[in-house]
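What follows is one structure encoded as structure tokens, with my remarks underneath.
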Amino acid sequence: GISLPEPDPLLFSFNTRAGACPDCEGLGTRGDRPCATCGGTRLRPEALAFRVGGKTLAELSDMPAAELLDFLSGLEFSGRAGEIARPILREVLSRLGFLVEVGLPYLSLSRSGESLSGGEAQRVRLSAELGSNLTGVAYVLDEPTIGLHPRDTDKLLSALRRLRDRGNTVIVVEHDEETIRAADLVVDLGPGGGRRGGEVVYCGPPEGLSRVGNSLTARFLSDRSRYRLSGRGRKPESFLTVHGASLHNLKDLTVRFPLGALTVVTGVSGSGKSTLVTEVLFRSLEGLLSGRGGPVGCRRITGHEALRRVLQVDHSPIGRTPRSTPATYVGFMTAIRRLFARLPEARARGYTESRFSFNLEEGRCPACKGQGFIRVEMKFLPEVYQTCEICGGARYNEETLAVRYKGRNIAEVLGMTMEEAREFFASVPEIHRPLEILCELGLDYLTLGQPSPTLSGGEAQRVKLATEFVKGGRGGTLYVLDEPSTGLHLADVQKLMRLLQGLVDRGHTVVVIEHNLEVIKEADWIVDLGPEGGTEGGRLLYEGPPEGLLSLDTPTARALKDYLGRREG
């Protein structure tokens with residue numbers, strides 16, 4: 001009983017007036033709920049009246065890329081419809097193939113761009129470039145393997161080779177061993193981090209890197225002894241159990257996590273790892289342990305009575321303004337202020353600890369109010385920070401800077417790297433100990449007063465871990481980490497694992513989501529999900545000690561067996 005317009009590409013776009021749902025204007029939501037008119041599809045009813053292979057555009061867009069590829073490949077058209085469909089299908093299938101090739105078979109076309117991780121967004125852009133047929137382009141990628149299972153790294157590398165073979169230049173910043181070995185040219189920077197870095201240690205083909213004596217990368221790549229299971233072999237005695245997890249793509253799972261152990265949750269991208277650990281396990285425990293909620297996304301959780309608290313150590317910033325620094329976040333800034341306040345010069349002037357805080361009026365620079373930077377508002381652009389012209393970024397006023405400890409004023413101390421400060425405060429245990437931990441975590445190049453907004457997500461995560469270690473205290477905390485090896489060199493992954501094992505030795509429980517085999521090999525217990533991503537994932541393939549996984553044929557088991565096989569060369 002209605003007449004439909006002639007189909008036009010604009011009719012099928014929710015970004016145009018012609019195709020957008022008239023009630024929600026193409027947003028798909030009204031008052032944070034799916035729009036009642038379009039059901040969240042964003043399209044007007046006339047657009048949803050057209051079907052291909054019995055499905056609307058919205059239904060096709062909701063399919064994972066791999067599933068949509070299979071569906072469209074199976075469509076058959078004849079006659080005039082075939083003439084129209086063939087060139088369009090060829091283009092669509094090609095682009096879907098690129099999405100699958102770069103390790104994103106589980107992404108649906110309707111997925112919101114803002115919900116993508118940095119690695120996923122980068123690979124979406126890469127798949128678009130693969131379909132562009134451009135030549136003579138220099139592509140720069142920063143850690144494209146982030147979030148990728150080892151199985152999918154091979155697909156990504158073959159995609160990068162295709163870009164190269166087409167006459168393009170591909171420059172990749174990476175820590176991933178497979179990517180380094182696959183390169184035509186390796187540029188290794190070092191020899192250390194921060195002030196000890198910045199030199200070209202090696203430039204040449206990957207096979208020549210192993211002969212460089214002062215390269216940390218070379219040392220790890222040539223060390224065959226690391227290709228082994230190196231966990232502590234802890235025998236679980238009690239378990240935290242999630243019963244009937246069915247959120248998103250999880251298929252009514254019952255999963256055990258041993259208490260007082262290091263559990264690594266593995267599986268290909270999109271297999272349900274983050275859903276199980278961060279959305280079901282963490283959120284459920286958060287509610288149960290605080291008494292403010294119950295199980296989320298599952299029927300029930302048992303065994304949590306032995307836990308005191310649950311903490312997600314993520315990549316979010318430790319502070320959003322220059323007022324926050326590693327020294328203030330970890331907590332040893334208080335001890336530094338106390339030390340300066342006890343100096344004869346400070347006592348003679350009547351200075352207290354508060355004088356040496358850049359957050360309080362008496363000691364800070366009046367121009368920048370202790371930030372060291374002046375915030376400049378920019379119309380239509382993000383705000384920017386400029387170094388304060390009065391204090392030169394020192395944060396403090398001249399009177400405060402007159403007090404010195406071992407020849408250094410408070411601003412010069414905050415300008416030290418963690419490594420320099422560790423030696424400088426060797427005789428002050430309450431300052432030296434946290435600095436020792438930060439250095440062990442590979443953060444020796446950060447300065448004590450480094451503004452928090454300048455820290456990467458991985459650096460912020462490690463500062464949070466160091467804070468937990470400094471606190472000490474009895475066990476009973478469950479730590480949840482999602483891909484903590486992101487952005488870490490092989491040497492720093494080793495340091496990270498030493499710290500996580502140390503937390504478990506203190507009686508805590510650690511659950512880590514990871515693809516990195518350097519982390520997986522350290523597990524006491526592995527929870528492997530899959531077999532694929534999206535609708536084909538969400539199943540429990542294995543739970544138990546790492547040795548047991550090696551007898552199976554899952555994507556993670558195959559990757560781990562290949563890794564361990566390198567020991568024999």
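Per-structure values
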{"quantity": "Contacts under 6 angstrom Cβ, first residue in region 20-34 being among the aliphatic types (A, V, I, L, M), partner modelled with pLDDT under 95 and part of a loop (DSSP other than H, G, I, E, B), 6 or more apart", "calculated": "Ala20/Phe14; Ala20/Gly26"}
{"quantity": "Of the criteria (1) free of Cβ contacts under 8 Å to residues at least 12 places away in the same chain; (2) in contact with a helix residue (DSSP H, G or I) (Cβ under 7 Å, 6 or more places away or on another chain); (3) part of a loop (DSSP other than H, G, I, E, B), which one Ser427 fails", "calculated": "(2)"}
{"quantity": "Ile336 being in contact with a Pro (Cβ under 6 Å, 6 or more places away or on another chain) and at pLDDT 90 or above", "calculated": "no"}
{"quantity": "Whichever residue in region 315-348 is assigned to a loop (DSSP other than H, G, I, E, B), in contact with a Leu (Cβ under 8 Å, 6 or more places away or on another chain) and open to solvent by less than 60 Å² (accessible area, probe 1.4 Å) and, among such residues, is farthest from Lys251 (Cα to Cα)", "calculated": "Phe332"}
{"quantity": "Search result, residues across region 464-488 that are in contact with a Ser or Thr (Cβ under 7 Å, 6 or more places away or on another chain) and open to solvent by 30 Å² or more (accessible area, probe 1.4 Å)", "calculated": "Asp482, Gly487"}
{"quantity": "Qualifying helices (runs of 4 or more DSSP H) (wholly inside region 110-225; at least 3 residues being without any contact (Cβ under 8 Å) to a residue 60 or more places away in the chain and of a type in the set (A, V, I, L, M))", "calculated": "118-130, 150-165"}
{"quantity": "Residues of region 375-404 classified as surrounded by 11 or more Cβ atoms within 10 Å (Cβ to Cβ) and assigned to a strand (DSSP E or B), total", "calculated": "6"}
{"quantity": "Failed criterion for Ala523 (all others in (1) under 21 Å from the mean Cα position of the chain (by Cα); (2) farther than 30 Å from Ala306 by Cα; (3) assigned to a loop (DSSP other than H, G, I, E, B) hold)", "calculated": "(2)"}
{"quantity": "Leu116 being out of contact with any Pro (no Cβ under 7 Å at 6 or more places or on another chain) and either of a type in the set (Ser, Thr, Tyr) or at pLDDT 85 or above (or both)", "calculated": "no"}
{"quantity": "Residue within region 502-517 that is more than 18 Å from the chain's Cα centre (by Cα), under 26 Å from Ala65 (Cα atoms), modelled with pLDDT of 95 or more and of a type outside the set (Val, Ile, Thr) present", "calculated": "no"}
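Residue-wise test of (1) more than 30 Å from Glu143 (Cβ to Cβ); (2) open to solvent by less than 30 Å² (accessible area, probe 1.4 Å); (3) in a loop (DSSP other than H, G, I, E, B).
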site: Gly1; (1), (2), (3): yes, no, yes
site: Ala18; (1), (2), (3): yes, no, yes
site: Thr37; (1), (2), (3): yes, no, yes
site: Ala47; (1), (2), (3): yes, yes, no
site: Leu93; (1), (2), (3): no, no, no
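Conditions (1) assigned to a loop (DSSP other than H, G, I, E, B); (2) of a type outside the set (Val, Ile, Thr), marked per residue:
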site: Lys464; (1), (2): no, yes
site: Leu478; (1), (2): no, yes
site: Ser485; (1), (2): yes, yes
site: Leu488; (1), (2): yes, yes
site: Leu500; (1), (2): no, yes
site: Val512; (1), (2): no, no
site: Val519; (1), (2): no, no
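The values are calculated or read from the model by the stated rules, or taken from the named source; none is laboratory data. All of these numbers come straight from a predicted model, not from anything done at the bench. Note: ideal-geometry Cβ built from the backbone for every residue, glycine included; neighbour counts use all protein chains shown. Just so you know, the surface numbers come from the protein's heavy atoms only, side chains and all, with ligands and any DNA or RNA stripped out. Shrake-Rupley method; radii C 1.70, N 1.55, O 1.52, S 1.80 Å.
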